[in-house]
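The values are calculated or read from the model by the stated rules, or taken from the named source; none is laboratory data. Because the structure is a prediction, the values reported are computed rather than measured. For neighbour counting, all protein chains shown are included, and Cβ atoms are generated from backbone atoms with ideal geometry for every residue, glycine included. The protein model used for the area step is the full one, side chains on, heavy atoms only, and it has no ligands, DNA or RNA in it. Shrake-Rupley method; radii C 1.70, N 1.55, O 1.52, S 1.80 Å.
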Amino acid sequence: MFTEPDITVYLKERLQTRFMGRNVHYRESMTSTMDVARELAIEGTPEGTAVIAGTQVSGRGRLGRTWFTPLGSLAVSVILRPQLHDMNLLPAVSSLAVFNMLKKYGIPAAIKWPNDVLINGKKVCGILIESRVEARQLLFSVIGIGINVELDTSKFPEIAEIATSISSHLPDKVTVAEVALNLLTEFEALYLKIVKPASIRQAWLNNMETIGRRVRVNTPGGIEVGIAETVNMKGNLVLRRDDGSQLEVIAGDVTLLKS
Ligand code: BTN
């Protein structure tokens, strides 16, 4: 397992990005990389700064859930400052970056709306995006990415049924540092294409298992069932209920149902 300064040195020696991950803050243990990244963003740290933790004591997930970060996971938060009108594309850019990174390893994955990444229906990556907007200006976004890299998820009862890891799908050893390197590289390549939103959106939809499927969505307002028709320009899921009415889902948890 890498400890400081190994991961920072590893990235410094190999990263060929323009700005993504050029500034790395690593600690063996943190409350959450989201908290540290937010503080750095407020202090004005450069765009692309990556905060990486060996383990997180209080890792956060979407919808108020906790995120489990055992050793062998990558927990990284990246600070970005896109234009406000591009903020809606961050779930697409970040989940596609993970999807493309897995493809380079020869692992076929799928995206589950809004930004989970699955292998054979099991979650390998979760993404949490927190942004600060003031006076119609996006001050910063923190993109928190949690990936199960080198661990046997079946040994952790908390996640055994629903999660998988990269190492379970590869014959050779894979390290957290190597995955961080590949992820930051893919992430920058896609982020630089944010000025071409149509192609990002199309790639996101093409690789999203949710579209066209009958789903149950656990939303903050209750459970909804229907066909996931598409994702609109705001990044929200468009659901066709059984009574024919349409619902725009802003946040929720999707489960695929048998059609
Ligand atoms: C989810 O699927 O609910 C999102 C999980 C996001 C987890 C990552 S790990 C790095 C960053 N730090 C956190 O506390 N959460 C995100």
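Using a 1.4 angstrom probe on heavy atoms only, work out the carbon and sulfur share of the accessible area of region 214-256 in %.
Exposed carbon and sulfur together represent 51 percent of the surface.
Give the residue list of trypsin sites (Lys or Arg not before Pro) in region 1-58 that are DSSP loop and have at most 13 other beta-carbon atoms within 10 angstrom.
Here the sparse-neighbourhood loop sites are Arg18.
Counting only heavy atoms of the protein chains, get the accessible area per residue of the chain (1.4 Å probe) and round it to a whole Å² value.
Value returned for the chain: 48 Å² of accessible area per residue.
For region 105-152, run through the trypsin sites (Lys or Arg not before Pro) and keep only the ones in DSSP coil with at most 13 other Cβ atoms within 10 Å of their Cβ.
For trypsin sites (Lys or Arg not before Pro) across region 105-152 that sit outside H, G, I, E and B with at most 13 neighbouring Cβ atoms in 10 Å, the list reads Arg136.
Rank Leu11, Leu181, Leu63 by mean-square fluctuation in a GNM of the chain with C-alpha springs under 10 angstrom and give only the top-ranked residue.
Greatest mean-square fluctuation among the candidates belongs to Leu63.
Whole-Å semi-axes of region 140-259's equivalent ellipsoid, largest first, each the root of 5 times a Cα gyration tensor eigenvalue?
In descending order, the three semi-axes are 30, 22, 13 Å.
Return the long-range amide H neighbours of Arg213 (sequence gap of 5 or more, or a different chain), with a cut-off of under 5 Å between placed amide H atoms.
Sorted by chain and number, the residues that satisfy this are Ala228.
log10 I(q)/I(0), Debye, Cα-only region 157-199, no solvent, q = 0.19, 0.20, 0.26, 0.28 Å⁻¹?
Relative scattering, expressed as log10 I(q)/I(0), comes to -0.77, -0.79, -0.90, -0.95.
Please list log₁₀ I(q)/I(0) at q = 0.09 Å⁻¹ for the chain, using the Debye equation with identical point scatterers on the alpha-carbon positions.
Result of the Debye calculation: -0.38.
Looking at region 216-251, which trypsin sites (Lys or Arg not before Pro) are in a loop (DSSP not H, G, I, E or B) and have at most 16 other Cβ atoms within 10 Å?
In loop regions of region 216-251 (DSSP not H, G, I, E or B), the sparsely surrounded trypsin sites (Lys or Arg not before Pro) are Lys234.
Which residues make up the longest stretch of the chain that has no GluC sites (Glu not before Pro) in a DSSP loop with at most 15 other Cβ atoms within 10 Å?
Result, exposed sites excluded: 1-157.
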